[in-house]
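The values are calculated or read from the model by the stated rules, or taken from the named source; none is laboratory data. From a predicted model like this one, the values you see are computed outputs, not experimental measurements. Here Cβ is always computed from backbone atoms with ideal geometry, including for glycine, and neighbour counts include all displayed protein chains. Note: areas computed on protein heavy atoms with side chains; ligands, DNA, RNA excluded. Shrake-Rupley method; radii C 1.70, N 1.55, O 1.52, S 1.80 Å.
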Amino acid sequence: MTNTIAFETITDILSEELYQTRYIIGKVDNKHYIYIWSVRLSGEFVEISQEMFTSPTHDHGAMIGTVEEIRWEVENCVGFHRESEDEVTREAAEEVVEELLESLK
């Protein structure tokens, strides 16, 4: 049995500079959003597994939450890389965080 989560994609970023990670934010309903990050997702079809929710890792995971919860996650996880010693990583993190947060307005 396959379960799917219906959501409207708001933003979809593939950052080559930020560990070749794909970041997606979508709207699930009027109060909830989905945030997905993964180095394993490519193409137009996005398959979200239960493991992405229950056992997320730094390079592959997902969460559903309110705007505030998603903002917190983006700021603390992706935003963490804004303090990298590598200038390219710092700049990429700043750009990705800015775009993800903008999509939640």
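Of everything in region 47-61 that is farther than 17 Å from residue 100 by Cα and of a type in the set (Asp, Glu), the residue that is surrounded by the fewest Cβ atoms within 10 Å (Cβ to Cβ) is 47.
Let's see how each residue does on (1) under 22 Å from residue 105 (Cβ atoms); (2) touching a strand residue (DSSP E or B) at 6+ places or on another chain (Cβ under 8 Å):
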residue: 27; (1), (2): yes, yes
residue: 36; (1), (2): yes, yes
residue: 50; (1), (2): no, no
residue: 68; (1), (2): yes, no
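Residues are listed down the side, and each one gets a yes or a no for (1) at pLDDT 95 or above; (2) in contact with a Pro (Cβ under 7 Å, 6 or more places away or on another chain); (3) open to solvent by less than 60 Å² (accessible area, probe 1.4 Å); (4) assigned to a strand (DSSP E or B):
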position: 4; (1), (2), (3), (4): no, no, no, no
position: 10; (1), (2), (3), (4): yes, no, no, yes
position: 17; (1), (2), (3), (4): no, no, no, no
position: 26; (1), (2), (3), (4): yes, no, yes, yes
position: 45; (1), (2), (3), (4): no, no, no, no
position: 68; (1), (2), (3), (4): yes, no, no, no
position: 72; (1), (2), (3), (4): yes, no, no, no
position: 85; (1), (2), (3), (4): yes, no, no, no
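Criterion first (modelled with pLDDT of 95 or more, open to solvent by less than 30 Å² (accessible area, probe 1.4 Å) and assigned to a strand (DSSP E or B)) does residue 36 satisfy it? Criteria met by residue 36.
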